[in-house]
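The values are calculated or read from the model by the stated rules, or taken from the named source; none is laboratory data. Keep in mind that what you see is a predicted model, and the values were worked out from it rather than measured. Note: ideal-geometry Cβ built from the backbone for every residue, glycine included; neighbour counts use all protein chains shown. In case anyone asks, the SASA skips ligands and DNA or RNA and just uses the protein heavy atoms, side chains included. Shrake-Rupley method; radii C 1.70, N 1.55, O 1.52, S 1.80 Å.
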Amino acid sequence: MNDSPPRGRLAAVCNTVRTGSLRAGCGLLRFTRQSPLLATLAYVSLFCLLSVLFIDRPLALALKSDLDPHVFGFFKTITDIGLGGPWFVLFLALLAFCAAMMHLSHTVEGHAKWRARLEPWFYALTVMIVSGILVQLLKFTFGRYRPKFLFSDQIYGFALFSGNNSFPSGHSQGIWAAMMALWFIFPRYRVVWVAIALLISLSRVFTTVHFLSDVVMGSTLAILCALWVKDLFDGSVQRGSVEWK
């Protein structure tokens, strides 16, 4: 008889927790469905926070001390494919070529064809610019020390507006922005574009020039920017398809 009140209170507490958890889960599901890009950014930001606290440092130290030299050499060789500058120049050159062909066309059909082929490269350039500006602003704001400071002086962390530039990764942003643009321009080769982006992103971690969270955030921002810009292009009556036709 004396145990009934405590059991009753325990049951009430459990019911309250269960109800609260259900409401929270439904709220998260609703938020994810209504704002998928914002929700993705929120979830990735949470992962990056956990990575900064528990993963980045031990992973970087382990890779620095135990990574096979051949693996390091492979990733060191390919890592600069992620530089944004060459991709920007390539897309700009393709845009200029299509624009020239459009103006040189002597028929309405030819003009329309090259006008349609110009649009994808304008999209690609827009993705590169938007995601690049965003990442550079965040780099400057967070001022995260690169792994080399951890290896040499045991310095790990952030110094806001200090000029340190580890977070987010610019190479990861550059390669994912370029590959996501190609994902929509040439959808037939999506497996190739993703494989390239993943390899280059991993190279930044395996060559220990970036922490895992740097790469994850840089990649995510590029992907989200590509999707957001694609929505803008699709929603404009003056824009054509971003797929090469």
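At an R0 of 35 angstrom, the distance between the Cβ atoms of K148 and F31 translates into a FRET efficiency of 0.35.
Sorting 175-188, 219-232, 156-169 by average packing, meaning the other beta carbons within 10 Å per residue, from highest down gives 175-188, 219-232, 156-169.
Phi angles of the range 125-135 translate, via the Karplus equation with coefficients 6.51, -1.76, 1.60 and θ = phi - 60°, into HN-Hα couplings of 5, 4, 4, 4, 5, 4, 5, x, 4, 4, 5 Hz per residue; Gly and Pro are given as x. With charges set only on the Cβ (+1 for Lys and Arg, -1 for Asp and Glu), what does the dipole of the chain come to about its Cα centre, in debye to the nearest 20? The calculated dipole for the chain is roughly 500 debye. Computed about the Cα centre, the dipole magnitude for the range 1-145 is approximately 580 debye when only Lys and Arg (+1) and Asp and Glu (-1) carry charge, each at its Cβ. Computed per residue of the chain from DSSP H runs no shorter than four, each worth -39500 (n - 2.57), the mean residue ellipticity at 222 nm is -26000 deg cm²/dmol. Taking Cα atoms only, the orientation of helix 170-185 departs from the longest principal axis of the chain by about 60 degrees. Straightening the chain between S241 and S65 buys 58.5 nm, computed as 0.36 nm per residue apart minus the Cα-Cα spacing. For the range 170-222 and the range 11-26, what is the centre-to-centre distance using only Cα atoms, to the nearest Å? Result: 40 Å between the Cα centres.
Relative contact order of the range 115-176, taken over Cα pairs closer than 8 Å and 6 or more residues apart, is 35 percent. Per residue, the accessible area of the chain comes to 57 Å² when a 1.4 Å probe rolls over the protein heavy atoms. Report note on the peptides 15-24, 86-95, 33-42: ranked by the mean count of other C-beta atoms within 10 Å, highest first, their order is 86-95, 33-42, 15-24.
Only one item in [x] 138; [y] 112; [z] 194 matches volume of the Cα convex hull per residue in Å³ derived from the coordinates shown, and that item is [z]. Let me check against my output: what whole-number percent is the relative contact order of the chain, with C-alpha pairs under 8 Å and at least 6 apart? Relative contact order for the chain comes out at 25 percent. If R0 is 30 Å, the Cβ-Cβ spacing of L92 and I155 corresponds to a FRET efficiency of close to 0.20. Contact order for the range 58-172, expressed relative to its length and based on alpha carbon pairs under 8 Å spaced 6+ residues apart, stands at 24 percent.
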